[in-house]
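This report refers to the structure that appears directly beneath it.
The values are calculated or read from the model by the stated rules, or taken from the named source; none is laboratory data. This structure is a prediction, so every number in the text was calculated from the model and none was measured. Here Cβ is always computed from backbone atoms with ideal geometry, including for glycine, and neighbour counts include all displayed protein chains. Please note that ligands, DNA and RNA were not included when accessible areas were found on the heavy atoms of the full protein model with its side chains. Shrake-Rupley method; radii C 1.70, N 1.55, O 1.52, S 1.80 Å.
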Amino acid sequence: MKAVQVSRFLNGIKHVPEGALVLLMGIILADMLLGVVSRYVMRHPFFWIEDVGSLSLLWITFIGGALAVKRGAHFALTAVPEMVPPQVARAMRIASCLLIAVFSVALMVTGVSLMRIAEGAKSPGLDIPLAPLYVVVPLGGALMLIYSLSLAVGYLKPAAAESADPHPEPE
């Protein structure tokens, strides 16, 4: 029973990062448009434009980075695995996923440290606390960890080893 509930929960939140990214892209687009209009048309720029843009870009970076890992679109040397036997290529892909997992853990630890350092700091334009907004750094690291381990498990499956697709979609 509990496994079914967990599975439903995971299926329910599967597309949350994609939706968040679309929302953030809309926010940053509207922010830039308002910034141009307020500065050049109204001749009075809004004081909060830079904060909204910077914070949106921060969130887009870490959520987008996690989605790149999920889709296998992360930085990789693809020519080398194509020149070696399939078993070696498979081992290289698994090692790549594990390196991303190590980086993800480091990102999570660094993100928590960043949040601690930012305690008490406020954004200059919006005058809101920055520490809670930096939660996206460890969150992005956690998503990258989940996605990289999911890719590694996918590469361990026999069908993925024989597949022409070097980046199987994680389940």
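A few points about this structure:
- Among ALA118, ALA76, ALA91: highest mean-square fluctuation, GNM of the chain, C-alpha pairs under 10 Å: ALA76
- Dipole magnitude of region 1-146, debye to nearest 20 (Cβ charges: Lys/Arg +1, Asp/Glu -1, about Cα centre): 460
- Expressed as a whole percent, the accessible area of the chain that falls on carbon and sulfur atoms is 72 (1.4 Å probe).
- Virtual paramagnetic centre 7 Å along Cα→Cβ of ALA68, amide N under 18 Å, in region 105-136: 105-108, 111, 136
- Sorting 16-28, 51-63 by their mean Cβ neighbour count within 10 Å, with the most densely packed peptide first, gives 51-63, 16-28.
- GNM flexibility winner over the chain from TYR40, TYR134, TYR155 (Cα, springs under 10 Å): TYR40
- The phi torsions of region 53-59, fed into the Karplus equation with coefficients 6.51, -1.76 and 1.60 and a -60° offset, translate into couplings of x, 5, 5, 5, 5, 4, 5 Hz, rounded to whole numbers, with Gly and Pro shown as x.
- Heavy atoms of the protein chains alone define the surface here; on that basis region 1-81 has 69 Å² accessible area per residue at 1.4 Å probe size.
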